[in-house]
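Okay, structure first, notes after.
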Amino acid sequence: MLKIPGYEDEPLVPGTAYLDDPLFWPVHLASCLRGEQAQRAAFGADWDAAMELFRALSAESHWPVFSVPLSSGHTIHVVYRNIVDEHGVDYLIHHPAWSAAETLAVDDGHFMGPGMAWPELLSVARQPATEGVEDPDSRLLLLFPTLGDAHLPDDATAALTTALTALTSIEDPAEVASLLLANQGQWAPAHWGTADGVRINDGGHSHRNPGNAFALPEGRLREISDALDDGTPRDHRAG
């Protein structure tokens, strides 16, 4: 049975079976596909089938969960929070030593984020795993809605295009990749930097901006930064 601290009384179910459906991915990324052009490029003639899949994912009777283990021992849980009139997707990170999971990002009408910088998203996608979501392309697309990075590398579109090509039936994955990177979630792309070796940002809705009143505690920010980077603590004496 799935157990996530703070969600013990909720009808959590493994969502892994959805990952084999090419339509799952544009449905999951829908909040980053704003505008008619983006939706037409991502869904094409499959709009009705996509809406049927969305209704299944959003059924109040069960909350699909996708778990992404990290090399550090932490796990990122993607939870479809199917509360009536409060549907959304919670992106949580947890470690067995923690009493509660921490929120990286929330994708709903009261969004919170960003939760990751591009280098972290790529690092998490490529970390090896033997359980949960193991495939690097699946991990990249699954966690893409947490992204908010104002400084993307030149090869970001290529990496996203590769994942969309492998997992979806989208006719022009390069176009959709470009549209996704132009939006990057519901928040404005943040500027990321490091403070005493901890990656932080300036996003007004982010738990990883120490300047926000709702920011995660310093120790959690440090631990999460290490876990997302490569799972290995860095020399925090470096800048």
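The values are calculated or read from the model by the stated rules, or taken from the named source; none is laboratory data. Just so you know, these numbers come straight off a predicted model, no measurement behind them. Cβ: placed from backbone, ideal geometry, glycine included. Neighbour counts: every protein chain shown. Heavy atoms of the whole protein, side chains included, go into the accessibility calculation; ligands, DNA and RNA do not. Shrake-Rupley method; radii C 1.70, N 1.55, O 1.52, S 1.80 Å.
Assorted remarks:
- Filtered residue count, segment 15-57, keeping only those that are among the small types (Gly, Ala, Ser) and crowded, with 17+ Cβ neighbours inside 10 Å: 6
- Exclusive hit being part of a loop (DSSP other than H, G, I, E, B) and touching a residue at least 40 places away in the same chain (Cβ under 8 Å), set PRO153, PRO128: PRO128
- Top-ranked residue of segment 168-201 - restricted to ones that are surrounded by fewer than 16 Cβ atoms within 10 Å (Cβ to Cβ) and assigned to a loop (DSSP other than H, G, I, E, B), ranked as farthest from the chain's Cα centre (by Cα): ASP196
- Within segment 103-117, restricting attention to residues that are surrounded by fewer than 21 Cβ atoms within 10 Å (Cβ to Cβ) and either modelled with pLDDT of 95 or more or of a type in the set (Phe, Trp, Tyr) (or both), the residue that is nearest to GLN184 (Cα to Cα) is PHE111.
- Of everything in segment 21-46 that is modelled with pLDDT under 95 and of a type in the set (D, E, K, R), the residue that is nearest to HIS77 (Cα to Cα) is ARG34.
- Applying the set (1) assigned to a loop (DSSP other than H, G, I, E, B); (2) touching a His at 6+ places or on another chain (Cβ under 7 Å) to SER67 leaves exactly one unmet item: (1).
- Contacts under 9 angstrom Cβ, first residue in segment 1-15 being among the acidic types (Asp, Glu), partner open to solvent by less than 50 Å² (accessible area, probe 1.4 Å), 6 or more apart: GLU10/ILE4; GLU10/TRP63; GLU10/VAL79; GLU10/ARG81; GLU10/ASN82
- All positions within segment 1-28 that are in a loop (DSSP other than H, G, I, E, B) and of a type in the set (Phe, Trp, Tyr): TYR7
- Exactly one residue out of THR146, THR161, THR165 is surrounded by fewer than 17 Cβ atoms within 10 Å (Cβ to Cβ) and among the β-branched types (Val, Ile, Thr): that is THR165.
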